[in-house]
Amino acid sequence: MILDVMMPRMDGIRACLKIREISNTPIIMLSAKEEDIDKINGLTTGADDYMIKPFNPLELLARVKAQLRRQSLIGNEEFNSLILIKDLVIDKSKHSVKLKGNEISLTPLEFAILVLLASHPGQVFSSEQIYENVWKMPYGFSDNTVMVHIRNLREKLEEFPREPQYIKTVWGVGYKIE
């Protein structure tokens with residue numbers, strides 16, 4: 001990620017702090033500020049590198065490649081454990097869900113349904129597919145188990161559960177997250 005210290009709405013330092021709350025994605029900070037204190041401030045708030053403007057675009061590209069190489073060497077398990085959808089942050093490794101920065105308490109089955117849908121944005125899953133993926137059992141006959149869990153998820157995630165922004169119903173087919 002490349003951040004400029006002087007961004008509109010939220011400066012790069014505050015953005016970097018917010019990003020570090022949820023991710024270790026490599027961050028390169030750009031700035032016209034060249035004092036040592038400015039560099040130290042950028043690096044101590046979580047940036048992995050700091051470049052002073054103006055800079056050579058080829059040097060920036062080389063630094064981006066170096067950060068990506070370093071990230072692949074140490075692994076990206078943490079990055080892969082995060083799913084971001086709109087204002088929703090799902091952390092599979094911590095088994096946690098945050099909506100607009102607030103922790104949402106889900107049951108293990110609700111969490112598993114949410115992760116299944118969020119891991120495949122746009123893909124429609126039938127009740128049978130959700131049941132077999134989450135409960136790890138054959139679906140059997142038509143019951144309301146999945147529908148009840150989807151309703152409970154919507155009650156916890158949606159401001160207006162009857163007009164969902166996250167878990168959408170595809171009538172006659174199933175459910176999806178976009």
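The values are calculated or read from the model by the stated rules, or taken from the named source; none is laboratory data. Small disclaimer: the values here were computed from a predicted structure and weren't measured. Cβ: placed from backbone, ideal geometry, glycine included. Neighbour counts: every protein chain shown.
Numbers below:
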{"item": "So Gly75, is it of a type outside the set (A, V, I, L, M), modelled with pLDDT under 90 and closer than 25 Å to Val5 by Cα", "result": "no"}
{"item": "Looking only at the range 124-164, and only at residues there that are modelled with pLDDT under 95 and polar (S, T, N, Q), the one that is surrounded by the most Cβ atoms within 10 Å (Cβ to Cβ)", "result": "Ser127"}
{"item": "Test: residue in the range 55-71 that is of a type in the set (Val, Ile, Thr), surrounded by 14 or more Cβ atoms within 10 Å (Cβ to Cβ) and in the same structural domain as Arg154 (by TED's automatic domain parsing)", "result": "no"}
{"item": "Residue in the range 41-58 that is nearest to Met6 (Cα to Cα), counting only those that are over 28 Å from the mean Cα position of the chain (by Cα) and of a type outside the set (Lys, Arg)", "result": "Ile52"}
{"item": "Residues of the range 126-161 satisfying the condition of being free of Cβ contacts under 8 Å to residues at least 12 places away in the same chain and either within 28 Å of Asn102 (Cα to Cα) or outside the structural domain of Glu110 (by TED's automatic domain parsing) (or both)", "result": "Val148, Arg151, Glu155, Glu158, Glu159, Phe160, Pro161"}
{"item": "Hits in the range 13-30 (condition: at pLDDT below 90 and more than 19 Å from Gly101 (Cα to Cα))", "result": "Pro26"}
{"item": "Residues within the range 1-26 that are in a loop (DSSP other than H, G, I, E, B) and without any contact (Cβ under 8 Å) to a residue 12 or more places away in the chain, tallied", "result": "5"}
{"item": "Test for Ser81: is it in contact (Cβ under 8 Å) with a residue 24 or more places away in the chain and either within 30 Å of Tyr166 (Cα to Cα) or surrounded by 11 or more Cβ atoms within 10 Å (Cβ to Cβ) (or both)", "result": "no"}
{"item": "Filter result (among the aliphatic types (A, V, I, L, M) and either touching an Asp or Glu at 6+ places or on another chain (Cβ under 7 Å) or at pLDDT below 75 (or both)) within the range 48-72", "result": "Ile52"}
{"item": "Boolean, Met137 is touching a Ser or Thr at 6+ places or on another chain (Cβ under 9 Å), of a type outside the set (Gly, Ala, Ser) and over 22 Å from Leu84 (Cβ atoms)", "result": "no"}
{"item": "Selected residue [more than 28 Å from Asp91 (Cβ to Cβ) and of a type in the set (Gly, Ala, Ser)] from Ala66, Ala47, Ala15, Ala62", "result": "Ala62"}
{"item": "Some residue of the range 165-178 being in contact with a Pro (Cβ under 7 Å, 6 or more places away or on another chain), in a strand (DSSP E or B) and surrounded by 14 or more Cβ atoms within 10 Å (Cβ to Cβ)", "result": "yes"}
{"item": "Cross-chain or 6+ apart pairs with Cβ under 7 Å, the range 95-109 first and under 13 Å from Ile83 (Cβ atoms) and not assigned by TED's automatic domain parsing to the domain that holds Lys18, then at pLDDT below 90 and surrounded by fewer than 16 Cβ atoms within 10 Å (Cβ to Cβ)", "result": "Leu99/Asp87"}
